[in-house]
Amino acid sequence: MTLRKDLDDLDSGQKGDWCFLNNDENIAIRYGDDPFKHLVIIPIAESSTPGLVRQHWEWNGNKDAPSLTPSILVKPYPGWNEGWHGYLTDGKLITV
């Protein structure tokens with residue numbers, strides 16, 4: 001599981017890899033083997049737009065071994081993905 005430089009690099013990665021987007025406001029995580037079906041982008045910072053409140057996950061601030069709370073739930077979408085539920089802890093995906 002490895003930090004990738006951007007989404008293009010993440011596409012060539014593997015399950016468990018991640019990259020940061022939009023000046024570290026979001027993290028993209030590959031939770032499965034298919035880069036097109038098994039990718040989730042999660043907000044990890046408050047909005048940079050004044051007055052705009054945005055729900056986000058708590059991030060430990062470590063780019064090399066990120067931890068997010070709470071857990072991540074990707075709902076299944078019939079015909080597209082099977083869904084996924086788990087954690088990103090110390091740079092490792094943990095399936096629940």
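What follows draws every value from the coordinates through simple rules; no lab data is involved. This structure is a prediction, so every number in the text was calculated from the model and none was measured. Here the Cβ is made from the backbone with ideal geometry for all residues, glycine too, and neighbour counts use every protein chain on show.
A Cβ-based charge dipole, computed about the Cα centre of the chain with Lys and Arg at +1 and Asp and Glu at -1, lands at about 200 debye. Put a dot 7 Å past the Cα of K63, heading toward its Cβ, do the same for S48, and the two dots end up 1.4 nm apart. A full extension of the chain between T89 and K75 corresponds to an added length of 3.0 nm, given 0.36 nm per residue minus the alpha carbon distance. Listed by chain and number, the lysines whose alpha-carbon sits under 19 Å from that of K5, ignoring those within fewer than 8 places in the same chain, are K15, K63, K92. Rounded to the nearest whole Hz, the Karplus-based 3J(HN,Hα) values (6.51 cos²θ - 1.76 cosθ + 1.60, θ = phi - 60°) of segment 64-81 follow the sequence 7, 9, x, 10, 10, 9, x, 5, 10, 10, 9, 6, x, 10, x, x, 10, 9, with x at glycine and proline.
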